[in-house]
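Here's the structure we're looking at; comments come further down.
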Amino acid sequence: MTVATSIDQRVSLAVSTVIFALRPHPDTKLVTLWLPLVRRIREPHQGQWALPGGPLESDEDLASSASHTLQRTTGLEPGYLEQLYAFGNLDRSHVEHIESLDPTLNDRVVSIVYWALVQPDEVARAVDGENVEWFVADELPPLAFDHTEIVDYALTRLRAKITYTPIAHAFLPPEFTLAELRAVHEAVLRTNLDPANFRRQALASKTLVPTGTCLQGTSHRPPALFRFEADPPTTTPEERR
């Protein structure tokens with residue numbers, strides 16, 4: 001979608017998505033954050049990696065555009081998709097993802113960025129195409145446009161939000177143990193957490209509900225299973241910095 005603002009400048013809208021999943025690190029084997037990137041097949045930035053995204057079509061709303069782009073590029077249909085932030089600095093006058101604009105115009109692109117959090121079974125169904133590849137989120141190659149800044153912002157928001165909201169539920173099955181919940185926090189925060197302290201804080205948060213059942217198939221005392229409240233509290237898109 002393009003909005004005319006003057007004779008020599010137009011503002012174009014694009015939608016991009018940062019997709020986070022938890023997978024083992026290739027070297028340490030510790031569970032860590034990964035995300036998929038798409039290799040650009042034309043200029044600008046031909047050959048560089050970028051976030052999945054594209055122009056906002058006139059017949060699509062924002063969330064639908066993000067969902068369709070994810071499905072087309074990665075085959076993913078994540079259950080957790082939330083608007084993260086709008087990136088529209090005055091110097092964003094490059095033609096991001098949009099190939100049909102007149103190159104003689106000084107187009108400014110405003111990107112509405114979503115983030116998606118996917119569970120392991122969803123990742124297993126992801127499409128690994130010729131120009132789609134998964135990377136460790138903290139070890140990315142140089143990205144096209146300002147997508148490194150976007151990913152850094154998404155990581156900062158995720159690491160902050162997991163400390164005060166039940167956003168970890170997006171990485172977990174409906175029922176889970178406290179050890180599994182702690183493992184998600186440790187992977188996102190990149191630190192080890194004391195099990196006793198974590199248990200006390202998690203139970204005090206009032207966001208967990210005991211299911212009354214235990215994990216089966218263990219050789220020792222089976223751990224209790226929990227679930228999050230049916231409607232975990234949500235927030236509006238975060239304020240940047």
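Coordinate-derived values only; no laboratory data. All figures in this text were calculated on a predicted structure; none of them were measured in a lab. Ideal geometry is used to build each Cβ from the backbone, glycine not excepted, and the neighbour counts take in all protein chains shown.
Annotations for the structure displayed:
- Residue-count net charge about THR69 - beta-carbon cut-off 12 Å; Lys, Arg +1, Asp, Glu -1: -2
- Neighbourhood net charge (12 Å Cβ-Cβ; Lys/Arg +1, Asp/Glu -1) for GLN201: +3
- Whole-percent pair-distance distribution, where bins are 10 Å wide, for the alpha carbons of segment 167-228: 21, 56, 22, 0
- Karplus-based coupling profile of segment 140-151, in residue order and whole Hz: 8, x, x, 9, 5, 6, 9, 6, 5, 4, 5, 5, with θ = phi - 60° in 6.51 cos²θ - 1.76 cosθ + 1.60 and x standing for Gly or Pro.
- Projecting the Cα atoms of GLY53, LEU22, LEU143 onto the dipole axis of segment 2-161, where Lys and Arg carry +1 and Asp and Glu carry -1 at the beta carbon, places LEU22 farthest toward the positive end.
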